[in-house]
Amino acid sequence: MALPEGVKDFSLESKAALVIGAEHEVGRVAALTLVEAGAKTVIASQKHDGRDALDDLAKALQKAGQRQVSIQLQDTTNTAEVRATMESAAAALGGLDILVTALDTPFYAPFDETDDTALARVMDDNFKAVWTACREAGRIMLRNGGVIVNISNVMAERGVPNATAYCAAQGAVRNFVRALALEWARRRIRVNMIECGWLDARRSPAVSNDEFSERLIKYLPYRRLLKPEEIAGALLYLVSSAAGFVTGESIAVDGGLLCRV
């Protein structure tokens with residue numbers, strides 16, 4: 001049976017992609033999704049300590065069909081390192097069509113206990129790193145166009161007690177996506193976002209099995225956490241030509257959480 005014509009729009013054959021933050025669970029899923037859809041993909045870390053996770057992911061990508069996998073170890077708060085990663089990825093791939101960022105450094109503390117140093121660190125890791133990655137990708141993409149997807153979470157839309165700095169950083173990413181999408185729309189670069197619900201991931205407070213996690217599970221519409229692999233469909237849509245007229249938007253993969261008041 002022949003596939004419907006529109007299905008071909010989801011193919012990423014001949015596309016060149018870079019995933020930053022690939023050592024995290026959602027970054028791993030992003031890289032696997034892109035490779036399985038046909039894109040040649042370079043994987044890069046958020047921090048220098050991501051080597052083991054990236055090595056393991058590289059093996060998985062090879063099993064998924066990519067013969068050689070380039071790994072870039074970097075600190076995304078260092079502009080020079082991010083620029084070097086972009087240039088290296090473009091050289092290895094022959095260009096850059098897709099950038100996916102999966103940058104996340106959780107931080108939870110009461111507002112009156114969050115000092116300037118903590119705030120600066122949270123903003124650098126969760127917002128400024130996204131800003132820098134997009135800017136440096138733009139140096140390449142502005143020549144021929146491209147697609148950027150920043151993976152964040154629902155705290156970009158909702159406040160959570162004892163997470164003021166973190167919510168502020170994620171909210172900044174959301175409005176940054178809106179503004180950059182407008183600025184680059186006529187320069188053939190689409191910029192979108194995925195907002196994850198509470199993740200079943202190793203660094204998530206939702207898996208702590210304490211009073212907080214028990215109360216959270218009862219509150220969630222599906223009574224369970226988001227599995228990282230459940231972002232794959234939304235990501236593939238946003239980076240593909242099927243979403244060719246979609247920019248500045250955010251898809252919430254949250255099991256209906258944002259439907260609550």
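The values are calculated or read from the model by the stated rules, or taken from the named source; none is laboratory data. None of the values given here were measured: they were computed from a predicted structure. Please note: Cβ atoms are built from the backbone with ideal geometry, for glycine as well, and neighbour counts cover all protein chains shown.
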- Task: Please identify the pairs in which a residue from the stretch 151-162 that is without any contact (Cβ under 8 Å) to a residue 40 or more places away in the chain has its Cβ atom under 9 Å from the Cβ atom of a residue that is in a loop (DSSP other than H, G, I, E, B), counting only partners at least 6 apart or on another chain.
- Result: Met155/Ala163; Val160/Tyr108; Pro161/Pro110
- Task: Would you point out the residue of the stretch 240-251, among those that are polar (S, T, N, Q) and not in a helix (DSSP H, G or I), that is nearest to Arg187 (Cα to Cα)?
- Result: Thr247
- Item | Among the residues listed as Arg139, Arg67, Arg143, the single one being more than 16 Å from the chain's Cα centre (by Cα) and modelled with pLDDT under 95 | Arg67
- Query: Is it true that some residue in the stretch 109-130 is at pLDDT 95 or above, of a type outside the set (Lys, Arg) and touching a strand residue (DSSP E or B) at 6+ places or on another chain (Cβ under 7 Å)?
  - Reply: yes
- Note on the structure: Considering only helices (runs of 4 or more DSSP H) wholly within the stretch 1-120, the ones with at least 3 residues that are of a type in the set (Lys, Arg) are 51-63
- Note on the structure: Tyr237 vs (1) outside any loop (DSSP other than H, G, I, E, B); (2) surrounded by fewer than 20 Cβ atoms within 10 Å (Cβ to Cβ); (3) in contact (Cβ under 8 Å) with a residue 12 or more places away in the chain; (4) touching a Lys or Arg at 6+ places or on another chain (Cβ under 8 Å): all pass except (4)
- Message: Quick check on the stretch 199-234: of everything there that is farther than 22 Å from Arg260 by Cα and part of a loop (DSSP other than H, G, I, E, B), which residue is farthest from the chain's Cα centre (by Cα)?
- Response: Asp210
